[in-house]
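Reviewing the structure listed below.
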Amino acid sequence: MQSDNERRPVLVTGPLGEFLSLAELPKSDTTRWVIRRKAEVVAAVSGGLISLEEACSRYRLTVEEFLSWQESIEKSGLPGLRISHLSKYRKKERMREAGPDEA
């Protein structure tokens, strides 16, 4: 019977097309989350290098925070991970949800 580690890939494709292994992932004590680091963690989870639970535990993230990174990449690519982009996007979403009468 194979363990989870035996079925996991050793390398996944990173956000810039480079190969990522566990050694190339951000350090577990990372506190400054730049776009590239967020995208690397999302790529690692998406590629099966680490599980969502492992990523959240390793980087002290909530599932919601990780999923917001993943959704931002899906909707807007890497620029979607910028804080300024997120603020602008959230403002547009709130205006859209409020409707034309409340805006």
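The values are calculated or read from the model by the stated rules, or taken from the named source; none is laboratory data. Keep in mind it's a predicted model, so treat the numbers as computed, not measured. A quick note on method: Cβ atoms are made from the backbone with ideal geometry, for glycine too, and the neighbour counts reach across all protein chains shown.
Of note:
- Under the condition of being over 19 Å from ILE83 (Cα atoms) and of a type outside the set (A, V, I, L, M, F, W, C), the residues counted in segment 27-59 number 11.
- Tabulated pairs, segment 63-80, first over 17 Å from GLY14 (Cβ atoms) and surrounded by 14 or more Cβ atoms within 10 Å (Cβ to Cβ), second of a type in the set (S, T, N, Q) and modelled with pLDDT under 95, C-beta under 7 angstrom, 6+ apart or interchain: none
Quick grid of which residues meet (1) more than 13 Å from VAL41 (Cβ to Cβ); (2) of a type in the set (A, V, I, L, M, F, W, C); (3) modelled with pLDDT under 95:
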position: SER57; (1), (2), (3): no, no, no
position: ARG60; (1), (2), (3): no, no, no
position: GLU71; (1), (2), (3): yes, no, yes
position: SER76; (1), (2), (3): yes, no, yes
position: GLY80; (1), (2), (3): yes, no, yes
position: LYS91; (1), (2), (3): yes, no, yes
position: ARG94; (1), (2), (3): yes, no, yes
position: ALA103; (1), (2), (3): yes, yes, yes
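- Screening segment 1-74 for helices (runs of 4 or more DSSP H) wholly inside it with 3 or more residues that are among the aliphatic types (A, V, I, L, M) and out of contact with any strand residue (DSSP E or B) (no Cβ under 6 Å at 6 or more places or on another chain) returns the ranges 35-46.
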